[in-house]
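Below: the structure, in structure tokens.
The values are calculated or read from the model by the stated rules, or taken from the named source; none is laboratory data. Just so it is clear, the structure is predicted and the values come from calculations on it, not from any experiment. Because the Cβ atoms are built from the backbone with ideal geometry, glycine has one as well, and the counts that use them run over all protein chains shown. With ligands, DNA and RNA removed, areas are computed over all heavy atoms of the protein, side chains included. Shrake-Rupley method; radii C 1.70, N 1.55, O 1.52, S 1.80 Å.
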Amino acid sequence: MFINTDFLKNDEIQLLLEKAVEGDDEKGWVPAYHFALCDLKGNKMGVCDLRIGHNEKLYYGGNIGYRIEEEYRGHHYAGKACLLLFELARRHDLEYVIITCNPDNYASRKTCEYAGGKLIEIVEVPEGNDMRERGEIEKCVYRFML
């Protein structure tokens, strides 16, 4: 199921595979890739992941997650990583991906806009969802057609 990810780089960043995790149907988890987001010298600037598939949990949690270390923020690295991950998603025959963020996370909202996402809705996280249990009440849901 997992494919070689050596192609995930551009003239500025590279995504280095840290681990690939099989899905767990009982928990509603899909297979996922986890990457270090690095500059071309290999310096780690953040992390990102791609979850392969679609289900109700992913509608609220998204197919892609990212975090950029504070000293590297403001350079669109998360958005550039998303653009690379879109190609990996295409190779897994996904027609679209979802990225979600909290409504007050303006940096993440700008990342979604930078990467070409369309805001579908701001939705309430359902009771019983593990994000809700962590205090996350609403999510902006962005769709990216591949």
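Numbers at a glance
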quantity	calculated
Of the criteria (1) over 28 Å from Glu124 (Cα atoms); (2) over 15 Å from the mean Cα position of the chain (by Cα); (3) charged (D, E, K, R), which one Asp25 fails	(1)
Qualifying position, being within 15 Å of Lys80 (Cβ to Cβ) and of a type in the set (Gly, Ala, Ser), among Gly42, Gly46	Gly46
Odd one out for Leu83 among (1) open to solvent by less than 70 Å² (accessible area, probe 1.4 Å); (2) within 26 Å of Asp11 (Cβ to Cβ)	(1)
Residue list for region 61-78, restricted to those being over 19 Å from Val21 (Cβ atoms) and crowded, with 19+ Cβ neighbours inside 10 Å	Ile68, Tyr77, Ala78
Residue among Glu138, Glu71, Glu121 that alone is of a type in the set (Asp, Glu) and closer than 30 Å to Asp6 by Cα	Glu71
Pick from region 120-133, criterion open to solvent by 70 Å² or more (accessible area, probe 1.4 Å) and over 19 Å from the mean Cα position of the chain (by Cα), ranking: nearest to Pro103 (Cα to Cα)	Glu124
Residue list for region 2-28, restricted to those being assigned to a strand (DSSP E or B) and open to solvent by less than 80 Å² (accessible area, probe 1.4 Å)	Ile13, Gln14, Leu15, Leu16, Ala20, Val21, Asp24
Residue within region 30-42 that is touching a Ser or Thr at 6+ places or on another chain (Cβ under 6 Å) and either surrounded by 13 or more Cβ atoms within 10 Å (Cβ to Cβ) or among the charged types (D, E, K, R) (or both) present	no
